[in-house]
Amino acid sequence: MLPALSASVLALTLQLGPGAPTGPLPDAGTPLDAGTPTVAASRLEEARTLVPLPLLYGKFRPEVGSFVEYDVTTKEGKVRVRAAVVGRTEHKDGPMFQVEFEYLAVKPRSLVVLWLIGDTHPLVDRLALSLEPHAPISIPVDLSVDSPELRGRPGPETEAPVKSGPFAGKAVRRTWRLEDGRTAEAVLSDKVPLFGVESVRGADGATWVARKSGTGARPELKSVPVAIPRLPEE
């Protein structure tokens, strides 16, 4: 079974290959305070496939070496995903973090890697997919992960304590409504590293539930990805 996120990234990558008819991926565009959307309405669904749900609906709190393992359930099935921050370098626009989402016990081995610039309002600079036995490939993204267009309109926030497990304790539930009426929901807890997301359900029904966390994570991307350039818009 090819994991849902990897399948989405692979489809977009193939779409962006040589001779593809599509234009560039959604661009972060004008800053939010300029009063204009950061993602065109026609590209919202495409953009959402590029951002894993804990990153999209959580608060990025990078700690190099830390990881969180999630049980991810989609209509295709269930898989364990390890999210980890495995590196930090300096970029002209701020710190750049390498964040890996490794699909555990899945054949073929699948790894999604994002390079995020900034730790307050992170921007996904590039995204790579490693799917054995093929060489890893990367695509430009330039997408602000906390843009209101991507998340949807925020709804009520309520207390939702986690009753058991490694992240038991105080938590809150937040909801977001998308432009087509679908909703997303997340339970947020400061006890969960990296994103503060104990669980999240996307508008497409996919769910991520945090099961464990730890330290000592190292990069799993072993080779430099083949970079696919952004195509000009037609």
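The values are calculated or read from the model by the stated rules, or taken from the named source; none is laboratory data. Because the structure is a prediction, the values reported are computed rather than measured. Counting neighbours? That spans all protein chains shown, and the Cβs are built from the backbone with ideal geometry, glycine included. All accessible areas refer to the heavy atoms of the entire protein, side chains included, with ligands and DNA or RNA removed. Shrake-Rupley method; radii C 1.70, N 1.55, O 1.52, S 1.80 Å.
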Quick P(r) readout (region 125-234; Cα-Cα; 5 Å bins; whole %) gives 2, 10, 14, 14, 16, 16, 14, 8, 4, 1, 0
Scalar couplings 3J(HN,Hα) for region 134-143 by Karplus 6.51 cos²θ - 1.76 cosθ + 1.60 (θ = phi - 60°), nearest whole Hz, x for Gly and Pro, are 7, 5, x, 10, 10, 10, x, 10, 6, 10
Residues whose built amide H sits under 5 Å from the amide H of F195, excluding neighbours closer than 5 in sequence, are R61
Note: region 35-98, point scatterers on Cα, Debye, no solvent; log10 I/I(0) at q = 0.11, 0.14, 0.22 Å⁻¹ equals -0.39, -0.62, -1.11
By the Kirkwood definition, with r running over pairs of different Cα atoms, region 126-190 has a hydrodynamic radius in Å of 14.9 Å
One can check that the equivalent ellipsoid of region 50-214, built from the alpha-carbon gyration tensor with semi-axes equal to the square roots of five times its eigenvalues, has lengths in Å, largest first, of 24, 19, 17
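Could you provide, to the nearest whole Å², the per residue accessible area of region 50-214 with probe 1.4 Å?
On the way: 7300 Å² over 165 residues.
Roughly 44 Å² per residue, with all protein chains present.
Quick one: which of 148-158, 132-142, 215-225, 50-60 comes out on top by average Cβ neighbours within 10 Å, and what's the full order, highest first? Mind showing how you got there, number by number?
Working: 148-158: 14.5, 132-142: 16.3, 215-225: 12.5, 50-60: 23.0.
Taking the mean over residues of other Cβ atoms within 10 Å, the ranking is 50-60, 132-142, 148-158, 215-225.
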Quick calc, E76 & K163: beta-carbon distance into FRET formula, R0 35 Å, rounding 0.05, result 0.75
